[in-house]
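To start, the structure under review is shown below, and the notes come after it.
Each reported figure results from applying straightforward, stated rules to the coordinates on display, with no laboratory input. In this text the structure is predicted, and so the values were computed from the model without any measurement. Backbone-built Cβ (ideal geometry, glycine too); neighbour counts: all protein chains shown.
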Amino acid sequence: MLNRLYSRFLEPRASHPDDRNREFILNCLLVASLLLSLGEFLDLMFGFAFLGHHYVGGRVISIVVVASCFGLAYWQVRYQQRQRLISYLLIGLLLLAACITSLCWGTMTPTGVLLFGVIIVMSGILLGARYSVYLAAIITLWLSGLEYAKLIGWVKPDLSWTSKPSEISDVLGLSGLYATMAIVSWLFNRQMERSLKRAQVSEAALLKQKDLLEVKVEERGRQLAANQLEKVQQIYRFAELGRISSALFHDLANHLSTVSLDIEGLQQQQRPDLLRRINHDIHYIDDVVQRVRQELRGKAANEQFDICQQTEEIIKILNYKAGKARVSLNFIKPNTVVLYTSDLTRFRQIIINLLSNGIDAYPPSQKSSAKRIVNIEIEAGNKTVVIRVTDHGTGISLGARRRIFEPFYSTKDDGTGIGLFIVRQIVEQDFQGRISVSSTPEKGTIFEVVLTDKEVLKAPRKINREKS
């Protein structure tokens, strides 16, 4: 019921929040004025009908005219959206009434003083804060001029009320003005508190949305970075293949030369040992081709392999590059065969990068008589494999060691800065291991990789250790 009455008679229809607040307060004032007029009219009718009061006609006409004015003003505000115009008229009528009151009964009459206060408060609420200042200045000028006119005898207000005792009607009139000021202030503050609460709720929602947006942006940034890194890794795989292609083709050419010679020997005589060598070389070439295909496609397939055997194959491939740099690759093998189950392509990528960095650690200008060796040592435990690559090159400074595994950071002039970053990713993500570096400038560097992803199978080595 109350909601229906509110939506029917008091709910503002303006779109702007400030205009809605002012319209609501104006609707409340006009409806309250209409109800007071109706109450006064019923009181007059009751006195005329039951108490024998006379001379009520003029008062009834006055009440009807005042109520009609309030009703017209309410209709203009409610259905014509002219609250600004009605606010001006209402403030103007109250100002006129206050000026007439002060003119007739003096500047200090309580009714006039309170009316002026009501006018200042209502103008600030209904019209805007600056109108309170304007009307306060106008009222001050009016009262000053009226007091000066009284001193020079131009006006003579009736001050007899100052010598008469106050009556209950005076208290009721002042109480009505107090109530008007209190209601207007309460309504305005109530609407402002609601607006402030809505603003706070909106601000909280915006902050929450901002946090969600930051999370989404951060997540999207990580996705883009991951996609970009994946593409960089793919490009790097091609770069690595290009970098070792000359050594790889050199190794394949040696095997093809051997096969050609063995075929010529077979044409001259039957040699079972030559057939075995041809078969071994053909299988080796086929294996190399398959591994190149896996590198190009970026496939990850877990398989069991001999770590020492794969390391020896990589050393053979890089021997060509090491020979051009006048560097010797020395493989320190364990006493057992180490079988490891994981992604062979990723393992080979680790060894190739570390050995290549060891070869590049020696400057080309170094004298050939100096020690130019890269040692690779493998130690196997029950569930770990430790790979240690040592060189005696220029070393790495402390500042560079702190950034050596960052993407796109390189200590070499022609380096891409992605090799060691990818090695660390492979070690930590694919093998659940760790990689560390220790170095002394001008004395050398040691890279140590610990692989812990799979169970390590060890068996006694049945063949003699070979120098690589």
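Brief remarks follow.
- Label-to-label distance, nm, for residues given as S328 and K412 (7 Å Cα→Cβ offset): 2.3 nm
- Whole-Hz Karplus values for the range 108-118 come out as 9, 4, x, 4, x, 4, 5, 4, 4, x, 4 Hz, taken residue by residue from phi with 6.51 cos²θ - 1.76 cosθ + 1.60 and θ = phi - 60°; glycine and proline positions read x.
- Computed packing ranks the peptides 400-406, 83-89 as 83-89, 400-406, most packed first, by mean other Cβ atoms within 10 Å.
- Listed peptides 92-101, 351-360, 37-46, 153-162 appear in the order 351-360, 92-101, 37-46, 153-162 once ranked by packing, highest mean of other Cβ atoms within 10 Å at the front.
- Debye, to nearest 20: dipole size of the range 93-213, +1 on Lys, Arg Cβ, -1 on Asp, Glu Cβ: 420 debye
- Net length available on complete extension from W75 to L38 is 11.6 nm, with 0.36 nm assigned per residue and the Cα-Cα distance removed.
- Global geometry of the range 1-127, whether rounded, prolate or oblate, following the gyration tensor of its Cα atoms and the 1.5 cut on a/c: oblate
- Mean Cβ neighbour count within 10 Å, used as a protection proxy, ranking 210-223, 126-139 highest first: 126-139, 210-223
- Distance (nanometres) between label positions extended 7 Å along Cα→Cβ at W161 and L206: 5.0 nm
- Computed from label points 7 Å out along Cα-Cβ, the spacing between A97 and S365 is 10.2 nm.
- Rounded if a/c under 1.5, otherwise prolate or oblate - the range 62-111, Cα gyration tensor axes: oblate
- Amide H to amide H distances under 5 Å link T411 with no residue, where only residues 5 or more positions off or on other chains count and H is placed in the peptide plane.
- Full extension of the chain between A400 and D306 gives 30.4 nm of extra length, using 0.36 nm per residue less the Cα-Cα distance.
- Amide N proximity, the range 379-411 versus Q429 label position 7 Å along Cα-to-Cβ, cut-off under 20 Å: 403-410
- For N330, nonlocal amide neighbours, meaning residues 5 or more places apart or on other chains whose placed amide H falls under 5 Å from its own, are V374, N375, I376.
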